Amino acid sequence: MEEDGGRRWPMVVLTASPFHGHMAPTLQLATALQAKGFSIAIAHSKLNPPHPSNHPGFIFLPLSDNVSAIDDSSSFTRFIHDLNANCQPSFREHLTRLMSEENRGDKSIVVIYDYLMFFAGGVAIDLNLTSIIFRSSSAAYFPAFLARRQLHQQGQFLQQEFVMQDVVPGLHPLRYKDLPFSKSPIEDWHQLVAIFSKQRNPSAVIWNTVKFLEHEALSKIHEHYQVPVFAVGPLHKITPSPPTNFLEEDTGCITWLDKQAPKSVIYVSFGSLVTLDAKVLTEMAWGLAKSNQPFLWAVRPGSVRDSEWTEFLPEAFREETRGRSLIVKWAPQKKVLAHSAVGGFWSHCGWNSTLESISEGVPLICQPFNVDQGVNARYTSYVWKIGVELEVLERGEMEKMIRRVMVDEEGEEMRVKVGEMKEMVKNAVQNGGCSHDSLEGLVGFIISSS
Ligand code: UDP
């Protein structure tokens, strides 16, 4: 516990889930709280652990997760169940030990947990500690998840009973197809709902989003939880924090970008989890080739089913795009999006990627797969009008979308809009801005509740 002019500052224990898109913002939040003066401990799974050398000053608490990496053939629901069941005992041991050290007393630790690791909330409440949920998805995902759950409780199943393009009543502008897990097997979804309904109510909720972007959804979240909601994003703009070492970044692509004309390059990446068929990747390759635009494409090794990397792409594609293309395994994405040569981002619309694109004023081509990506894509294209949604996975359609964003007047209009949003983000994280103030509010909440 830190002493500050007589005030006693609690230690903040954060749980980091093994997913890169969750781990990175959790570590960013931890870094921001450390800068405010809190001592920090990170409880993490042994699968995809953070690297302690990147975070001097943090205490690391490994949890006995006993889970293996999730892939196409494994069930997400089973994974979440096992992760929570297996990590719980070692988390309790760590907390009990920390509480007994240095005479902390029973209220000197505050727990902030990734909502996928909800075992931590239960343990904190049992030990009479303040527990706060941290969500790294979009706020709009939450009402969509609740609506999806409600449909399920009414015995309505998406694939069978609805026209997927129809708007969900009471959830405008979201369509059935935008709802989370709309393509997952019904049984899997049934179990997921059962698992998540075991969560216990937190004392507060933190969201990696910005109030001006998601005001309405944040109000719904407040109505649901009836506890303070802190929108502190985008966290990567609040505090510079080191990479997570998920994969080694290919920094050579920045040198390549330096040689390209301003706003000429389309950057393509589908994040850390998406897997797709070689057939779709081949269509994408030809869409890119036929668009005649320079492109930088991050293809994660193992992300194409039954392939190591991109070895199946035809020689004719490589010939046609030679000199105006670069394919890498993992890009320094935030730096890429901030580069003046990048004029568009073809993305799966993971929430980190969406926020990073908005923060740098880059319009998007949205190709959502699952979880919150459909919701994010819908807001990006239909509400904020800073992108287009790709719905037909064929080369001709892909070429058209690239042109709409990179070449056409329409793309320029999107660029102007997203440029204005970039400025709003800049203001939000500065002194007096909404995210800055929300973070200050969170600091006050942690101190007063411990
Ligand atoms: N990312 C990166 N290099 C890549 C691809 C992705 O650094 O080549 C980062 C990206 O900046 C973002 C994260 O990986 O912070 C992906 O998170 P997101 O929420 O967009 O998607 P997820 O991986 O969770 O599906």
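Just so you know, all these numbers are worked out from the coordinates, no wet-lab data involved. Model, not experiment: these values are computed from the prediction. Reconstructed Cβ throughout: ideal geometry from the backbone, glycine too, with neighbour counts over all protein chains shown.
In table form, for the structure just shown:
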{"item": "Helical segments meeting 30 Å axial Cα length and Kyte-Doolittle -1.0 threshold in the chain (DSSP H)", "result": "76-100, 409-429"}
{"item": "Size of charge dipole - segment 295-368 - debye, nearest 20, with Cβ of Lys, Arg +1 and Asp, Glu -1, no other charges", "result": "220 debye"}
{"item": "Per-q log10 I(q)/I(0), segment 173-261, q = 0.20 Å⁻¹ (Debye; single scatterer per alpha-carbon; no solvent)", "result": "-1.12"}
{"item": "Order of Ser197, Ser359 under a 10 Å beta carbon neighbour criterion, fewest first", "result": "Ser197, Ser359"}
{"item": "Reach of Lys177 by Cα under 17 Å, taken over aspartates and glutamates that are not fewer than 8 positions away in the same chain", "result": "Glu161, Asp166, Asp372, Glu389, Glu391"}
{"item": "Cα gyration tensor of segment 220-372 - equivalent ellipsoid semi-axes, whole Å, descending", "result": "29, 19, 14"}
{"item": "Percent of C-alpha pairs per 10 Å bin, the chain, short to long", "result": "4, 20, 31, 27, 14, 4, 0, 0"}
{"item": "DSSP beta bridge pairing in the chain, given as percent antiparallel to the nearest 5", "result": "10 percent"}
{"item": "Dipole of the chain, positive direction: furthest Cα of Met284, Val299, Phe196, with charges on the beta-carbon", "result": "Phe196"}
{"item": "Stretch gain in nm, segment Ser64-Ser219, where the contour uses 0.36 nm per residue and the Cα spacing is subtracted", "result": "52.1 nm"}
{"item": "Gyration tensor verdict on segment 42-154 (Cα atoms; rounded if a/c is under 1.5, prolate if a/b is larger than b/c, oblate otherwise)", "result": "prolate"}
{"item": "Footprinting exposure proxy for Leu116, Leu393, Leu439 (fewest neighbouring C-beta atoms within 10 Å first)", "result": "Leu393, Leu116, Leu439"}
{"item": "Additional length obtainable on full extension of the chain from Ser53 to Glu311, 0.36 nm per residue less Cα span", "result": "89.4 nm"}
{"item": "Additional length obtainable on full extension of the chain from Ile125 to Gln199, 0.36 nm per residue less Cα span", "result": "25.5 nm"}
{"item": "Val167-Lys46 FRET efficiency (beta carbon distance; Förster radius 35 Å; 0.05 resolution)", "result": "0.20"}
{"item": "Whether segment 17-102 is rounded, prolate or oblate, judged on the alpha carbon gyration tensor where a/c under 1.5 counts as rounded", "result": "oblate"}
{"item": "Gln226 paired with Ser74, simple spin-label distance in nm, labels 7 Å along Cα-to-beta-carbon", "result": "3.8 nm"}
{"item": "Highest average packing first - 132-144, 297-309, Cβ atoms within 10 Å", "result": "132-144, 297-309"}
{"item": "Entries in Lys259/Lys422; Lys334/Lys422; Lys279/Lys400; Lys259/Lys385; Lys259/Lys417 that, when Cα-Cα distance is taken, lie over 22 Å", "result": "Lys259/Lys422; Lys259/Lys385; Lys259/Lys417"}
{"item": "Point-charge dipole on Cβ atoms (K/R +1, D/E -1) for the chain, about Cα centre, debye to 20", "result": "500 debye"}
{"item": "Exposure proxy ranking, count of Cβ atoms within 10 Å, fewest first, for Thr354, Thr239", "result": "Thr239, Thr354"}
{"item": "The chain, relative contact order in percent, only Cα pairs under 8 angstrom and at least six apart counted", "result": "15 percent"}
{"item": "Whole-number Å³ per residue for the convex hull built on Cα positions in segment 322-450", "result": "152 Å³"}
